[in-house]
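A.B. asks: Take a look at the following structure, please.
The values are calculated or read from the model by the stated rules, or taken from the named source; none is laboratory data. Quick caveat, the model's predicted, so the values are computed rather than measured. A quick note on method: Cβ atoms are made from the backbone with ideal geometry, for glycine too, and the neighbour counts reach across all protein chains shown. Just the protein is used for accessible areas: all its heavy atoms, side chains included, with ligands, DNA and RNA removed. Shrake-Rupley method; radii C 1.70, N 1.55, O 1.52, S 1.80 Å.
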Amino acid sequence: MSGLGEADRLLRERGISEHFGAFVAAAAWTRDGSVCACALGDGTLALADAAGFRRVAAHDGAALALAPDLGPAGFLSGGDDGRFLAVAATGEITEIARFGLKWVEHVASHAGGCRAAAVGKKLHLFDQTGRAQKQLDHPSAVTGLAFDAKGKRVAAAHYNGVSLWFVASKSDNPRRLEWKGSHIALAWSPDNDAVVTAMQENALHGWRLGSGEHMRMSGYPAKTQSLSFSRGGKFLATSGAETVVLWPFTGGGPTGKPPVELAGGDGVLCTRVACHPEHDAVAAGFADGLVVLADISSERILPVAAPGRGAVSALAWSADGANLVFGTETGFAARVDFTKR
Amino acid sequence: MAETQQVPVTVLTGYLGAGKTTLLNRILTENHGKRYAVVVNEFGELGVDNDLVVDTDEEVFEMNNGCICCTVRGDLIRILGGLMKRRDKFDGILIETTGLADPAPVAQTFFVDELVREKTRLDAIVTVVDAKNLAARLADSPEASEQIAFADVIVLNKMDLVSDAEAAALEERIRKINRFARIHRATRAGVAIADLLDQGAFDLSRVLERQPDFLEDDSHSHNEDVASMSFAAEHPIDPEKFNAWISALLAAQGQDILRTKGILHYAGEARRFAFQAVHMMADGDFIGPWPAGAKPASKLVFIGRNLNRPQLRRGFLACQVEPAAA
Ligand SMILES: [Zn+2]
């Protein structure tokens, strides 16, 4: 890197950006990859196609959660106004449900036809028409949410473990993955065999669903807020250290194997990670606002945005890996084009 | 300084019926020029429709050291993080605990979670007590004395229901448990809001500045009653000796020691070191220099059960660089 100007070159030449002045709580892409959105602390969503950003009023309070909707061109959004919304790429909003004073803290969907919203201890499932399907109870508030790759099961993290629910099951008895302590984020491996959580005590915990084996990954100076499996599941990228920490999930790992560490040296915490959907590469955002793309095998680092625009608080790739969106705590948001020119 | 960016958080404790909800309603509706986000457990009680009211279920989580006193409020870590996403919408945060709640997990949350520590600051624990029923509550439940022990500010409410003599006796009773809290007498929770919020009351330095005579009239008890004790050291403190002593003390007796606060004069250090702990969770930082003209001296306060005064004094004085003139 030669100076901050150079570190900003990608953003300058291939990005569109705007300063919204409100905390970017989450970012996501439509499934067709055409439009990205940032959920903002002032309750609006900032939607961007290739031409630029525009604002849509969504929540009365803060927008807290955002995910692709099950269709090709929409989003799901949750807010501290208790509303669970479907937001079309055009900006049109349909309320799926309203939960009063409780916050909608996590949302997710699977293209196969299921939408999920976590509200306190309950996980609410809806179908594509917006009809309520199930209310699933947990011993404490749900802190992380993910469907498996096939959309058959949904995992919810909570105090003392994770509950796995079969979406179509009539009985609604979850498989409980138990581990004492407070689990605060969750990821499901692409082969559906590993579920990993981040914990309050600066460590990760994981379960192999086939063998029932536990995995522990520790050594972080801060809490991991962001977890992302690489394409094919070879690595799990994580935030919470002054590097991008990648745990190997092949060859008997991660237990007993040292992690790969990328993009360190500045003494600044990594706050968000997002693995590229097509290549073994990971985008990472840092507490000083730096955003980089790191190639995992060559360990080459490509700067995307220079420090100075607030701690990176949201980061997401489009499904084809052509575009990246990121946002910061101070309200900067950008969409960057990575297609070959 | 970073501290000015941190959002002040006030914790409101007290038994059901003591006047907590009346006080909350006043804070939410009175025109005092400030906006507060309010975290409540029993929303039905609150007659105010306000987009800054958050309804939560208290979730007390153990830390993974397995100790029963090392607990935090998991729901608060999430909610404070969520509120920080619309940080510009309020001046402070109020957290109401349920009537029987132990205040320790709330306070400890501010010691344990990095993000909570970075973005917020525990300003004060305010306990509302019902003057008419306080004696009965103290007799029938340990939580009542704990709520008083943890308080930085106590609102002695329903004063219209007791005589002056009864009120004086109640204050004396409160002082036996916690000599360092400020007491406001009130009827229908009628305390000036400015006296309760954003006072920095959790910060010991201000408490000590307000109470220069705090070393006199120590109560001493070696039983199950909660009591407070304070100690002064004339000579500078050796930081290593102090850390070793206080760590061992809190590890061994932290379940009984509810709160510890100290202002320390470290040898060769011009700034004051502020120390505080809730049960076993401790924290310390250098604060400004000693007030002009004041002779630097270290002070340490304990509030808890089974406090052994001679043992605590010996331990503290042994941390001095110069041998204590016993
Ligand atoms: Zn403990």
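A.B. asks: Would you mind checking which residues have amide H under 5 Å from A:Gly33's amide H? H placed 1.01 Å from N; only 5 or more apart, or other chain.
C.D. replies: A:Ala319
A.B. asks: So with the 1.4 Å probe, I'd like the accessible area per residue for the stretch A:204-326, rounded to whole Å².
C.D. replies: Roughly 35 Å² per residue, with all protein chains present.
A.B. asks: Within the set of other residues whose C-beta is less than 10 Å from the C-beta of A:Gly130, count the net charge using Lys and Arg as +1 and Asp and Glu as -1. Show your work: numbers first, answer last.
C.D. replies: Details: positive: A:Arg115, A:Arg131; negative: A:Glu95, A:Asp127.
Residues near A:Gly130 contribute 0 overall.
A.B. asks: What whole-number distance in Å separates the alpha-carbon centres of the stretch B:232-265 and the stretch B:60-122?
C.D. replies: So the two Cα centres are separated by 24 Å.
A.B. asks: Helix-derived [θ] at 222 nm for chain A: sum -39500 (n - 2.57) over DSSP H runs of at least 4, divide by residue count, nearest 500?
C.D. replies: Result for chain A, helices only: -500 deg cm²/dmol.
A.B. asks: Kindly write out, for the stretch B:21-38 in residue order, the coupling ³J(HN,Hα) from the Karplus curve 6.51 cos²θ - 1.76 cosθ + 1.60 (θ = phi - 60°), rounded to whole Hz, with x marking Gly and Pro.
C.D. replies: 5, 4, 5, 4, 4, 5, 5, 7, 10, 6, 8, 10, x, 10, 10, 10, 7, 10
A.B. asks: Follow-up question, since we're still on this one. Say R0 is 30 Å: what FRET efficiency, to the nearest 0.05, do B:Ile287 and B:Ala267 get from their beta-carbon distance? It would help to have the intermediate numbers written out before the result.
C.D. replies: Working: r = 17 Å, r/R0 = 0.57.
E between B:Ile287 and B:Ala267, to the nearest 0.05, is 0.95.
A.B. asks: For the interface of A with B, what's the total buried accessible surface in square angstrom, probe 1.4 angstrom, rounded to the nearest hundred?
C.D. replies: Answer for the A-B pair: about 2300 Å² buried.
A.B. asks: Still on this structure, I have one more. Isolated Cys in chain B by the 4.7 Å beta carbon test?
C.D. replies: Among the cysteines of chain B, those whose Cβ sits 4.7 Å or more from every other are B:Cys69, B:Cys319.
A.B. asks: Along the stretch B:300-312, what does the Karplus equation 6.51 cos²θ - 1.76 cosθ + 1.60 (θ = phi - 60°) give for ³J(HN,Hα), rounded to whole Hz, x for Gly and Pro?
C.D. replies: Per-residue couplings from phi come out as 9, 10, 10, 10, x, 9, 6, 7, 9, 4, x, 5, 5 Hz.
A.B. asks: Still on this structure: Which residue fluctuates most in the GNM of chain A (Cα springs below 10 Å): A:His19, A:His110, A:His158?
C.D. replies: Highest fluctuation of the listed residues: A:His19.
A.B. asks: For labels at A:His279 and A:Arg9 in the simple 7 Å Cα→Cβ model, what's the distance in nm?
C.D. replies: 1.5 nm
A.B. asks: Which far-off residues, 5 or more places away or on another chain, put their amide H under 5 Å from the one on A:Ala97, with H placed in the peptide plane?
C.D. replies: Distant-sequence amide H within range of A:Ala97: A:Phe84.
A.B. asks: Enumerate the amide H contacts of A:Ala141 below 5 Å, restricted to partners 5 or more residues apart or on another chain; note that Pro and chain-start residues carry no placed amide H.
C.D. replies: A:Tyr159
A.B. asks: Then there's this: Expressed as a whole number of Å, what is the distance separating the alpha-carbon centroids of the stretch A:56-94 and the stretch B:150-172?
C.D. replies: One Cα centre to the other: 51 Å.
A.B. asks: Suppose each label sits 7 Å from its Cα in the direction of the beta carbon; what would the B:Arg309-A:Thr94 distance come out to in nanometres?
C.D. replies: About 7.3 nm separates the two model spin labels.
A.B. asks: Ignoring GluC sites (Glu not before Pro) that are buried or in helix or strand per DSSP, and keeping those with at most 14 other beta carbon atoms within 10 Å, what is the longest stretch of chain A between them?
C.D. replies: By the stated rule (loop sites, at most 14 other Cβ atoms within 10 Å), A:93-212.
A.B. asks: Separate question: Using a simple spin-label model with points 7 Å from Cα along the Cα→Cβ vector, what separation in nm is obtained for B:Ala244 and A:Arg176?
C.D. replies: Computed distance between label sites B:Ala244 and A:Arg176 equals 4.6 nm.
A.B. asks: Lys and Arg at +1, Asp and Glu at -1: add these up for the other residues within a Cβ distance under 9 Å of A:Val142 and post the number.
C.D. replies: That works out to +1.
A.B. asks: Ok, one more. Output wanted: per-residue J couplings in Hz (rounded whole) for the stretch B:85-98, from phi through Karplus 6.51 cos²θ - 1.76 cosθ + 1.60, θ = phi - 60°, x for Gly and Pro.
C.D. replies: 6, 10, 3, 7, 8, 8, 9, x, 10, 10, 10, 8, 9, 5
A.B. asks: Applying 1/(1 + (r/R0)^6) with R0 = 35 Å to the Cβ-Cβ distance of B:Asp160 and B:Asn41, what FRET efficiency is obtained, to the nearest 0.05?
C.D. replies: Working: r = 28 Å, r/R0 = 0.79.
Given R0 = 35 Å and the Cβ-Cβ separation, E is 0.80.
A.B. asks: Report the relative contact order of chain B, percent, no decimals, based on alpha-carbon pairs under 8 angstrom and at least 6 residues apart.
C.D. replies: Value for chain B: 17 percent.
A.B. asks: Still on this structure: Let me spell out the model: positive unit charges on the Cβ of Lys and Arg, negative unit charges on the Cβ of Asp and Glu, origin at the Cα centre of chain A. What dipole size does that give, in debye rounded to 20?
C.D. replies: That gives chain A a dipole magnitude of about 800 debye.
A.B. asks: For the stretch A:221-275 and the stretch B:1-41, write down the distance between their C-alpha centroids in whole Å.
C.D. replies: 40 Å
A.B. asks: Please work out how much length the chain gains when fully extended from B:Cys67 to B:Leu115, using 0.36 nm per residue of separation minus the C-alpha to C-alpha distance, in nm with one decimal. Present the calculation step by step, with values, prior to reporting the outcome.
C.D. replies: Details: separation 48, 0.36 × 48 = 17.28 nm, distance 2.29 nm.
Difference between extended and current length: 15.0 nm.
A.B. asks: Between exposed trypsin sites (Lys or Arg not before Pro) in chain B, where DSSP calls loop and at most 15 other Cβ atoms lie within 10 Å, what's the longest gap?
C.D. replies: Longest site-free region, per DSSP loop and neighbour criteria: B:36-187.
A.B. asks: Once all Cα-Cα distances of the protein assembly as shown are split into 10 Å bins that start at 0, what whole-number percent is in each one?
C.D. replies: Result returned by the calculation: 3, 15, 23, 24, 18, 12, 5, 1, 0.
A.B. asks: At most 11 other Cβ atoms within 10 Å plus a DSSP loop assignment makes a site exposed; report the longest stretch of chain B without any exposed GluC sites (Glu not before Pro).
C.D. replies: Excluding the exposed sites themselves, the longest stretch runs over B:31-215.
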